[in-house]
Every structure is written in C-alpha cells, then in structure tokens.
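Contents: one structure, followed by commentary.
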Amino acid sequence: MDPAHDRDTVGDIFIEDGRIVAANGREPGETYDVTGKIVMAGAIDVHSHIAGSNVTLGRRLMPELPALAAQGGQPILASPAAWGAYATGIRYAEMGYTTVIEPAMIPTHAVEAQIELAMIPIIDVGALAILGNDDFTLELLRDGRGGDELKDYVAWTLEHSKALGLKIINAGGSEAFKFNARTFGLDDEVPAYGVTSRSIVEALQRAVADLGVPHPPHVHCNNLGLAGNVETAVATIEATQGLPIHFAHIQFYGYAKDGERGFSSGAARLMEAVNAHHNATVDVGQVMFGQTVTISGDILRQFDARGAASPKKWAIDQGDGNGTGVVPYRYRADSFVNALQWAIGLEIFLMAGDPWRVLFSTDHPNGALFVRYPEIFHLLMDVGERDRWLDGLPAEVRQYSALAEIRREFSLSELAVITRAAPARLLGLADRGHLGPGAIADIAVYTEQKNKTAMFAGADLVFKSGELVVRDGKVVRVTQGRCHHVAPGYDSQIERRVKAFYDRYYGADPSWFGVSTATVNRPDRFVPVPCQN
C-alpha cells in the first residue's frame, strides 16, 4: 500500500543500507516472506505530546494514568513506566509507527525537551517550537517590526531549539490571561501590546512562508472546547491569506450550539470551510472514552477547564510565552457532550473531500492515548463497528450529529494516506511515508483481518531504517532514532537583540537554552530538513 506512488499491488521491496532500492538483479542476503500480508511505510504521527516540560508536568501530576486507563479496558500496560519516554517508543514501534512529532516545545525549555526526545527509543522525532504569546514577538509586532526582524527571530528560534517547525497556541490568549482575561477571540487585542490574535497568526504565517520552512504554521485556534467555536475556526481558516497553514486537533473546534443543551455538531460547517480552502490542512484530535490527561500551552482554556478535572487535581504554570496547563479528564460514553465529541471527530474524518489534507491524530494524550489508534482505525474502516458504538451512546447524539447517516468506510489506501503519506508531505520529510526507491526503509507489515483493532494493535514485522525491530507485535531490537529539524538562516543581528532582551528582563543568556549535538551527546542525532527558499 503506497498511495504516494498510487500503488496498491502485489510486489517485492528491496532494502540496502537502510534505504529502499530498486530491484538490481542481485541475490538478497536475507529474505522475508510476507505473502498475503499488508505492507505499508512506517506510520507518522504529526501531533503527539511525548516529551518536554509540558509532558513532564503531566507525568508528575498523573503518575497513576496508565493504571486508571487500564481499568477502563484500554490496551496499555498497567504500570507507571507505560507513559514514560522508553515505553512511548516501544509501543509506537509495536503498532508500526516510526516517526512522531512533539507539537509544543517551549523554546526556553528546548534542552529538556530534546534530551527527553533522545531517550525515546526506535522512532524518529521532531518538535515544533511555540511562538505567539512570548513578549519578544509581541514587542516586535507592537513596534511595527513584524517584517524581516520577526522573520529572523522565527528562524533563530527554530535553529536555536532544533525545531522542525512553528507552533502557535491561542495566539495572544495566554498573554491576555496574565492580565486576567478569561476569554480571547480572533480579533481581541492583547493588553499592553495592542495586537490581535488574527494579526499575530498572519505575521507568523508570513514569516514561516518567507523562510521556506516546509511545515506551515501549526495553529491551535482561539476558543478551544467552547460551544459555537466552529465560527472561530471558520473565520481563522478564511483569514489565512491563501498561504499554507495547518490547524491542530480540529475536532475541538467542531462545536455548534443548537438544541436545548446549546451544544451540537458543527462538523459539516467546519468541513465545508476546510474542503474549500486548499491551502489548509488539519489533524483531527479524535476523542475516545476513558481516562486521560489534557496537556496544553493554552493556559487560558486549561484554567477554565479545571473545574471538570477528573481526578480532582490540576496544575497551571504561567511561564514565559504560553506556560503549561495540565488537567486530568475522563471521557464518558454516558455523557452527551463527550459522546458528541467522539462523533464529531469521526464526522470530520468521514466528511473530508481530500484525505491528504485531513490527517490522523488524537492530540495524544488530550483526546485519547496513542495506544487507542487501532480502535479508531477500526471505526473509520467499518461502518458496522461505528453503528455498534453509536448504539451504546445517548440517543441525542444521533439527533445532533450526522454520523449515523454517513456510510463511508476508509480503505487501507486511505488509511495509509492519513497516517503515512500525507504527514510526510506536510512535514517536508520526503524520505518517508512511501515505499519508493530512495525512501528510508521504515516499513510495517500487517496480517489483514476484519477486526482492524486487532490488525493494527501489533504489526507482524516493523523495519526501522532497514533493521528489523518488531516481530509478531513485540520489539525484538531496540535502536536509537534521530531528530529532524530546520535551519532556515537569519541575520546575525537578531542574536544581539535577543541577548539584550533576555539580559534586560530575565538576567539570562539565551545560550543557556540553546540545543546542539552536545546536548544529547550524539553527533548523528540531528538531521536537517531542507528549507524551500
């Protein structure tokens, strides 16, 4: 299954020196007979919180998460280690994943994030650096220096933290929260700076485009989780200037406010906008029932959500830029709101006109733990399975969602698009997500089954860079992956300006939180991804 090359056929794959190569007539040194199996490129997760200070705070607050999740029947080890760095790489690899992106790296905490990412075995990684609420960016925009100087600052941030791209979280909202704001919309102004969320996103979007960074700005919109927020999402999509942009965990913005409860599916309205704007991509952020913990730099929304914490504890770190909000949460199948959230995510997947622009995610761990992915694949590929789940949910879900009327089923090829080919293209990782000659030999082999949950819970074989790392759903060899990043280049004057800023306000030198190969003591750890300028 290689949708990047429009291949859905029986054939052989040849591997040499960690890469897929064309047949050359030579006798292979080793052969794996996968007759009748399903062979795909290694899967790529475009949005999963797996490392960094945000995740560390979540683990400190919720060490019992794996045990609580296991009580709900989730297929995760009932051990605190199951949501640590090592187990993250092991479980991803067992499912056939070979590349995962951490979507929310605080630039001043990049050293910790990169050290922790390097502790995750087998899988390759990348991280997105957060800007849009930090004072340096807001000062530049307030003072009318949002052109070349902002572009240089974005480039410096990406290089300094070894990031693959830029993340924007509720642009201006976290800064407004520090002035006691409790709501913040697209056209609200940040106190003391006089700039709107819309203007912040537009300026950063232009900077990333001008730098030629392959992955467009990865945007977490305003008003996450609020009834009626579909209009905020649509307005943000329509304000994108035709430039490439990616919207994260879009399910959490698919909410209308029809009906007696003032909460209903806005998926049709949202997907009409997504389907019409070909410059926009999204990942879904599917919800699944059970215990999890929400981890976000959107401290305004996390503070508002603290009352729903389950168990009853939470943590908010109001730091430079976005800070961190951690709120444990249990999605319940008997809750009308949670059941509708589940349905809205599936609606978004199934209403996609172009699966190359609607990518798979649960916003791990926010919508669901990543070990739940096989269950979601099953729901997308089997309408009978969706009906079975729907029958166990509150009857009102059918009234305020169109899911029951959608009979579409994803094919294996479409699943390969949203979990392999499309993420690779979006991230600018041309050497993966496909099975053509020259690709890195990240390959997953499955036994086709009607029960897609069982099929994708553990791969028959997984090769990482040509090495066999998984057999029969279990890791047989632990390897070390690499970290992908961009280095767009910038005017060196920005270094002096940033240094003066940090010295004035923090008494700190930016070199303290810069990342290099010495940070992880592995000279081959970091792999530059070419920019397009």
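The values are calculated or read from the model by the stated rules, or taken from the named source; none is laboratory data. Predicted model only: the values in this text are computed from it and were never measured. Cβ sites come from the backbone with ideal geometry, for glycine too, and all protein chains shown count toward neighbours. Surface areas here come from the heavy atoms of the whole protein model, side chains and all, with no ligands, DNA or RNA. Shrake-Rupley method; radii C 1.70, N 1.55, O 1.52, S 1.80 Å.
Listed values, structure above:
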| read-out | value |
| --- | --- |
| Considering only the chain, percent of DSSP beta bridges that pair antiparallel, nearest 5 | 55 |
| Straight-distance crosslink candidates among lysines, where the alpha carbon sits under 22 Å from K167 and sequence neighbours closer than 8 are dropped | K151, K178 |
| 5 angstrom amide H check on H484, placed H, neighbours 5+ away | V125, G126, V527 |
| Pairwise FRET efficiency - Q449 versus R19, Cβ, R0 = 35 Å, nearest 0.05 | 0.70 |
| Most to least packed among 486-494, 132-140, 296-304 [average Cβ atoms within 10 Å] | 296-304, 132-140, 486-494 |
| Ranked by how many other beta carbons lie within 10 Å on average, peptides 411-419, 58-66 from highest | 411-419, 58-66 |
| Structure-based [θ]222 nm, the chain - -39500 (n - 2.57) summed over DSSP H runs of at least 4, per residue, nearest 500 | -9000 deg cm²/dmol |
| Distance between the range 360-416 and the range 197-244 - C-alpha centres, whole angstrom | 27 |
| 20 Å cut-off, amide nitrogen to a point 7 angstrom out along E64 Cα→Cβ, residues in the range 311-327 | 311-316, 326-327 |
| Nitroxide proxy distance, nm - points 7 Å out along Cα→Cβ at A333 and D317 | 3.6 |
| Inter-label distance for A268 and E139, nm, one decimal - labels placed 7 Å from Cα along Cα-to-Cβ | 5.0 |
| Estimated FRET transfer efficiency when R0 is 22 angstrom, pair Q241-K178 (beta carbons, to 0.05) | 0.15 |
| Proximal lysines to K37, defined as alpha-carbon separation beneath 17 angstrom and excluding residues fewer than eight positions away on the same chain | K450, K452 |
| Lys/Arg +1, Asp/Glu -1 at C-beta; the chain dipole; positive extreme among V470, G325, Y153 | G325 |
| Accessible area (Å², per residue) of the range 357-398, counting only protein heavy atoms and a probe of 1.4 Å | 24 |
| About the Cα centre, charge dipole magnitude for the range 146-260 (Lys/Arg +1, Asp/Glu -1 at Cβ), debye | 320 |
| Dipole of the range 176-297, positive end: most advanced residue of Q286, G254, S265 [Cβ charges, Cα centre] | Q286 |
| Charge dipole (debye, nearest 20) of the range 364-493; +1 at Cβ of Lys and Arg, -1 at Cβ of Asp and Glu | 260 |
| Accessible area (Å², 1.4 Å probe, nearest 10) - I443 | 10 |
| Full-extension gain in nm, D188 to A276, via 0.36 nm per residue minus C-alpha separation | 29.1 nm |
| Neighbour net charge for R477 - beta-carbon separation under 12 angstrom, K R +1, D E -1 | +2 |
| Additional length obtainable on full extension of the chain from F501 to E27, 0.36 nm per residue less Cα span | 164.5 nm |
| Contour excess over end-to-end distance, with Cα ends at D391 and Y86 and 0.36 nm allotted per residue | 106.0 nm |
| Histogram of C-alpha separations across the range 158-197, 5 Å bin width, % | 6, 24, 26, 13, 10, 15, 6 |
| Packing-based order for 229-235, 337-343, using average beta carbon neighbours within 10 Å, highest first | 337-343, 229-235 |
| The chain - percent of accessible surface contributed by carbon and sulfur, probe 1.4 Å | 49 |
| Debye, to nearest 20: dipole size of the chain, +1 on Lys, Arg Cβ, -1 on Asp, Glu Cβ | 940 |
| Candidate aspartates and glutamates - alpha carbon under 20 Å from K499, same-chain residues fewer than 8 apart omitted | D134, D135, E139, D143, D148, E149, D152, E159, D320, D491, D509 |
| Given charges at Cβ of Lys, Arg, Asp, Glu: the chain dipole, positive-most of W389, A104, G36 | W389 |
| Mean Cα-pair separation over length for the chain, i.e. relative contact order, pairs under 8 Å, 6 or more apart, % | 23 |
| The range 68-175 - percent relative contact order, Cα under 8 Å, separation 6 or more | 26 |
| Derived scalar couplings ³J(HN,Hα) [the range 216-232; Karplus, 6.51 cos²θ - 1.76 cosθ + 1.60; whole Hz; x for Gly, Pro] | x, x, 9, 9, 9, 6, 6, 6, 4, x, 8, 4, x, 6, 4, 5, 5 |
| Value of relative contact order over the range 1-133, rounded to a whole percent, pairs C-alpha under 8 Å and six or more apart | 25 |
